[in-house]
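Values quoted throughout were computed directly from the atomic coordinates according to the rules given, and no laboratory measurement underlies them. All values derive from a computational prediction rather than experimental measurement. A quick note on method: Cβ atoms are made from the backbone with ideal geometry, for glycine too, and the neighbour counts reach across all protein chains shown.
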Amino acid sequence: MAAVEVATQTMSYRDAISKVLSEEIEANPDVFIMGEDIGRYQGTFRVTQGMFDKYGEKRIIDTPITEAGFTGIAIGAAMAGLRPVVEMMTMSFSILAMDQIINHAAKIHYMTGGQAKCPLVIRGPGGAAKQLSAQHTHCLEGWYAHAPGLKVVAPATAIDAYGMLRQAIRDDNPVIFTENPGLYTVMGEVPDDREFVVPFGKANILREGTDVSLVGYSRMTQINLAAAEKLAEQGVSAEVVDVRSLSPLDMTTINASVAKTHRAVVVYEDWKFGGFGGEIASRIAEESFDDLDAPVVRCGGLNVPTPYARNLELECIPDVDDVIAAVQKLG
């Protein structure tokens, strides 16, 4: 029997997120969204635009400026059987709710011997936008991936944002869903399918190559794709591996890519020192040592608080030229 073709729509990463949020609210009365300025103001990045008027104040809940407070409320709601989606105005603000996230959401299933579950999504923009300065430009996905009990995803494309957010909402575990603000306007094809999901724990090869594996997630995957185009002009065939799921992490796909190319550059926007890219690089070195023809190279953000000045901010974030320079180190 021939496969059924599913219609697709071209839309932005932001609209893909809005689409799946609306669809899941309509499909499940237990789903609701809460966060700062998401209702009447329609969201800082307009992800929830129009939803307050359409679904009302019981499904789109404007909260006070108290991240620890409303995250705690969401955890309680999840334990009671609802499926809350918490929007952080910026994931940097989730630092204020870390006790709730790490000590409660991540551990309640274990602390109750499996009697309680916490189907909670915490989502919002993480990473650099444009001149949001040091206190609003954190990449926290690696911090959360470090904590057992949390699932952490960082999609780089509109279709993955659409499929992974639905998976997150339907998951019975707490999920950290990071959206880089630099991705909101990136366009892509999204299936017109209210059951479409992208499972966690599976990396994706977005570009085939034979000379080097460029491994990244979130906006750095788009940087890797652009770098691969330029490297091709120099006669270098780069394979682009989109990690997209940090926890669970798919090392099988990453290692298979390295076995083919024999070289790896891990690219991440987070501070290079102690960032999640270091975990990936270490795992490659441990698990694919015999396949490597050169040391694994990391390409990460500078180890400084992000400056406000635009020219200095850009210096702190890996770009296409930085990725190419990292590849050239491999010889």
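Which of the peptides 38-47, 146-155 is most tightly packed, and how do the rest follow, judged by the mean count of other Cβ atoms within 10 Å per residue?
Ranked by mean Cβ neighbours within 10 Å, highest first: 146-155, 38-47.
Would you mind computing the Rg to Rh ratio of the stretch 1-97 from its alpha-carbon coordinates, Kirkwood style for Rh? Write out the running numbers ahead of the final one.
On the way: Rg = 15.1 Å, Rh = 14.4 Å.
We get a ratio of 1.05 for the stretch 1-97.
Please compute one quarter of the surface area of the Cα convex hull for the stretch 258-331 and express it in square nanometres.
5.0
Within 10 Å of each residue's Cβ, count the other Cβ atoms and sort 330, 231 from fewest upward. Walk me through the numbers before you get to the answer.
Details: 330 18, 231 22.
Listed from fewest to most nearby Cβ atoms, that is 330, 231.
So what's the stretch 10-191 giving for Rg/Rh, alpha carbon basis, Kirkwood Rh from the mean inverse pair distance?
Taking Rg over the Kirkwood Rh, I get 0.93.
With both partners inside the stretch 173-267, how many of the DSSP beta bridges are antiparallel, as a percent to the nearest 5?
DSSP beta bridges in the stretch 173-267 are roughly 25 percent antiparallel.
How large are Rg and Dmax for the stretch 105-175 when only the alpha carbon atoms are used, in Å?
Just the Cα atoms of the stretch 105-175 yield Rg and Dmax of 14.1, 45 Å.
Convex hull over the alpha-carbon atoms of the stretch 204-253: what's its volume per residue in Å³? Walk me through the numbers before you get to the answer.
Details: hull volume 2.8 nm³, N = 50.
Hull volume over Cα atoms, normalised by residue count, gives 56 Å³.
May I ask for the net charge around residue 60, where only other residues with Cβ less than 15 Å from the Cβ of residue 60 are counted and Lys, Arg are +1 while Asp, Glu are -1?
-3
Per the helix-only calculation at 222 nm, which mean residue ellipticity applies to the chain, given -39500 (n - 2.57) for every DSSP H run of n ≥ 4 and division by its residues, nearest 500 deg cm²/dmol?
-9500 deg cm²/dmol
Over 31 Å between Cα atoms, which of 54/272; 19/329; 107/272 qualify?
Cα-Cα > 31 Å for 54/272; 19/329; rest within.
Nearest 10 degrees is fine. How inclined is helix 13-27 to the longest principal axis of the chain, computing both from alpha carbons?
So the inclination is approximately 40 degrees.
What percent antiparallel are the DSSP beta bridges of the stretch 10-191, to the nearest 5? Present the calculation step by step, with values, prior to reporting the outcome.
Working: 3 of 22 bridges.
If I count the DSSP bridges inside the stretch 10-191, around 15 percent turn out antiparallel.
Over the stretch 10-191, what relative contact order in percent results from Cα pairs under 8 Å that are six or more residues apart?
27
How much of the DSSP bridge set in the chain is antiparallel, in percent, rounded to the nearest 5? Write out the running numbers ahead of the final one.
Values: 10 of 42 bridges.
Approximately 25 percent, going by the DSSP bridge assignments.
Kindly express, to the nearest 10 degrees and within the range 0 to 90, the angle between helix 276-287's C-alpha long axis and the longest C-alpha principal axis of the chain.
Relative to the chain, helix 276-287 is tipped by roughly 50 degrees.
How large is the dipole of the chain about the Cα centre if only Lys and Arg carry +1 and Asp and Glu carry -1, each at its Cβ, rounded to the nearest 20 debye?
The calculated dipole for the chain is roughly 560 debye.
Using a Debye calculation, one point per C-alpha and no hydration shell, please list log10 I(q)/I(0) for the stretch 187-331 at q = 0.12, 0.20, 0.21 Å⁻¹ in order.
-0.48, -1.20, -1.29
For each of 229, 269, count neighbouring Cβ atoms within 10 Å of the residue's Cβ, then give the residues from fewest to most.
229, 269
Using Stokes-Einstein with the Kirkwood hydrodynamic radius over Cα pairs, what translational diffusion coefficient do you get for the stretch 53-132 at 10 °C and a viscosity of 1.306 mPa s, in µm²/s rounded to a whole number?
117
Peptides 196-202, 285-291, 104-110: what's the order by average Cβ count within 10 Å, highest mean first?
Most protected by this proxy first, the peptides run 104-110, 196-202, 285-291.
Report, ordered by chain and residue number, the lysines lying within cross-link reach of residue 202, taken as a straight Cα distance under 22 Å and ignoring same-chain residues fewer than 8 apart.
Here the lysines satisfying the reach criterion relative to residue 202 are 151, 260.
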